[in-house]
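Okay, structure first, notes after.
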Amino acid sequence: MGSGVSDDRAAEEALQAELGALLRDLGLLDDEAPSFEPAGDGNINWVRRVRSHSGRTVVVKHARPTLERFPQYRTSTKRIVFEHRYYEIARACDESRVCPSILYFDEARRLLVLKDLCDAERLDAVLLRGGDVDAALLELAAFLGRVHRSTWGDAGLAERFDNGAIQRLHGDHIFALPYEENDFPLPPDVAAHARRARADGVLREIAATAYRRYLEPRGALVHGDAQPGNILLAARGPTLLDAEIAHVGDPAFDLGTLLAHVWLARLAGRPATPAAGQAGSIWTAYRAALGGASRVRFDDVARYAGLEMMRRTIGAARVAAVESTAASLRAIDVADRLVRNPPRSTQGIDLP
């Protein structure tokens, strides 16, 4: 075991030395022996903030066969190629500069270098402290709508985003694993609700049907993980990161994911977060940018939101908004109603 740890450390040091020299040669940093520190959670890829002695910084992402935080999972390193490809396409309709600034990309090395937003705060943290996020949410909704509109029905995109490995891994954690026998660590009362969900044939079938729809390679280019943990709020506005799950699919999934976390923060008891009625503004901004009201229905968005809320409460990736048992039980109740009977309009949203 000691030898394995030693080998890992040696490999890490070799990678850092290689990257330091590369960043200097590219002119992105001014010395070849910078320091490396974690940047963000790094659940999927190896992500580091690289800092030169003069204080200049960049963020480096490197895709490896195993996931960074969950090494028991292996998936294609091409996910970082799809991430870069998503931003290439999305940038054409990025009026608000929601895409991150890419400084360098090396497909062969599976390496992406991004401009460092330094002290920008994550949207999930701002939501939980009750910060003013209305303008950022409207920008994000409009951005997603523009990307979906510009890529709608593009027959060639599905082949360019053959990202099924990571898409299925992500989908399993939303639509399948919460409703199967598992050992997710949950508080006792939450665990009891999780057991009831696993025993509920109707709920399981709804989730399975939604999963099949999520996997269909038609619709528009989807970011795939537009949740607040992947969104930084800088002075100039929001930046949407981590598009490694990008694929062609159901655009309702993107907006549903975003709204799920807005509602989870509300259910956590943060009074300044958007109320149920303000979801109407987000939906309106999205539809205006989409340019075709009939293309995406709100009940589909709401059902995806309910499934995301459920998995963030009884699944493997619980979020801070449901840390208390009371918030978890409120979230389960709302999510269950959204999944079974999703409202056709934002006026049908009923949050406690």
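Residue-by-condition table, conditions (1) surrounded by 15 or more Cβ atoms within 10 Å (Cβ to Cβ); (2) outside the structural domain of GLY219 (by TED's automatic domain parsing); (3) of a type in the set (D, E, K, R):
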residue	(1), (2), (3)
TYR304	yes, no, no
ILE314	yes, no, no
GLU323	no, no, yes
ARG330	yes, no, yes
ALA335	yes, no, no
ASN341	no, no, no
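Every residue, every condition in (1) under 15 Å from ARG318 (Cα atoms); (2) among the acidic types (Asp, Glu), yes or no:
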| residue | (1), (2) |
| --- | --- |
| PRO178 | yes, no |
| GLU181 | no, yes |
| ARG195 | no, no |
| ARG198 | no, no |
| GLY201 | no, no |
| ALA208 | no, no |
| LEU215 | no, no |
| ALA220 | no, no |
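Let me confirm something: among ALA63, ALA33, which residue is of a type in the set (Gly, Ala, Ser) and in contact (Cβ under 8 Å) with a residue 24 or more places away in the chain?
Criteria check complete, one pass: ALA63.
Return the residue satisfying two criteria in turn: it lies in the stretch 326-347 and is of a type outside the set (A, V, I, L, M, F, W, C) and without any contact (Cβ under 8 Å) to a residue 24 or more places away in the chain, and of such residues it is farthest from ALA207 (Cα to Cα).
Among those residues, the one meeting the criterion is ASP333.
For the stretch 22-32, what are the residues that are at pLDDT 90 or above and exposed (fewer than 15 other Cβ atoms within 10 Å of the Cβ)?
Within the stretch 22-32, ASP25, LEU26, GLY27, ASP30 qualify.
Given the residues ARG85, ARG74, ARG109, which is the only one that is closer than 28 Å to GLY237 by Cβ and charged (D, E, K, R)?
Unique residue meeting the criteria: ARG85.
Restricting to the stretch 155-181, what's the tally of residues that are surrounded by fewer than 15 Cβ atoms within 10 Å (Cβ to Cβ) and not in a helix (DSSP H, G or I)?
The qualifying residues number 5.
Check SER52 against each of (1) under 18 Å from the mean Cα position of the chain (by Cα); (2) surrounded by 13 or more Cβ atoms within 10 Å (Cβ to Cβ) and name the one condition it does not meet.
The failed condition is (1).
So which residues in the stretch 57-95 are more than 19 Å from the chain's Cα centre (by Cα) and under 26 Å from ASP154 (Cα atoms)?
Hits for the stretch 57-95 are ALA92, CYS93, GLU95.
Select from the stretch 149-177 the residues that are among the polar types (S, T, N, Q) and over 18 Å from the mean Cα position of the chain (by Cα) and write down the one among them that is nearest to HIS223 (Cα to Cα).
Top of the filtered list is THR151.
Rundown of residues vs (1) farther than 20 Å from THR209 by Cα; (2) in contact with a helix residue (DSSP H, G or I) (Cβ under 7 Å, 6 or more places away or on another chain); (3) free of Cβ contacts under 8 Å to residues at least 40 places away in the same chain, yes/no style:
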| site | (1), (2), (3) |
| --- | --- |
| GLU244 | yes, yes, no |
| PRO251 | no, yes, no |
| LEU258 | yes, yes, no |
| ARG295 | no, no, no |
| VAL301 | no, yes, no |
| VAL319 | yes, yes, no |
| SER324 | yes, no, no |
| PRO352 | yes, yes, no |
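Could you check ARG146 against (1) touching a residue at least 60 places away in the same chain (Cβ under 8 Å); (2) out of contact with any Cys (no Cβ under 6 Å at 6 or more places or on another chain) and say which number it fails?
(2)
Out of GLY256, GLY269, GLY224, report the one residue that is on the phi > 0 side of the Ramachandran plot and surrounded by 24 or more Cβ atoms within 10 Å (Cβ to Cβ).
Details: GLY256 fails: on the phi > 0 side of the Ramachandran plot; GLY269 fails: surrounded by 24 or more Cβ atoms within 10 Å (Cβ to Cβ).
The conditions single out GLY224.
Please go through the stretch 11-21 and give me each residue that is aliphatic (A, V, I, L, M) and modelled with pLDDT under 90, ordered by number. Explain how you work it out, then say what you get.
Our first condition is that a residue be aliphatic (A, V, I, L, M); within the stretch 11-21, this holds for 11, 14-15, 17, 19, 21.
Across the stretch 11-21, the qualifying residue is only ALA11.
If you check ARG195, ARG213, which single one turns out to be assigned by TED's automatic domain parsing to the domain that holds GLY280, surrounded by 14 or more Cβ atoms within 10 Å (Cβ to Cβ), more than 15 Å from the chain's Cα centre (by Cα) and among the basic types (Lys, Arg)?
Of the residues listed, the single one that is assigned by TED's automatic domain parsing to the domain that holds GLY280, surrounded by 14 or more Cβ atoms within 10 Å (Cβ to Cβ), more than 15 Å from the chain's Cα centre (by Cα) and among the basic types (Lys, Arg) is ARG213.
The values are calculated or read from the model by the stated rules, or taken from the named source; none is laboratory data. Everything numeric here is computed off the predicted structure, so don't read it as measured data. Cβ coordinates were reconstructed from backbone atoms using ideal geometry, including for glycine residues, and neighbour counts include every protein chain displayed.
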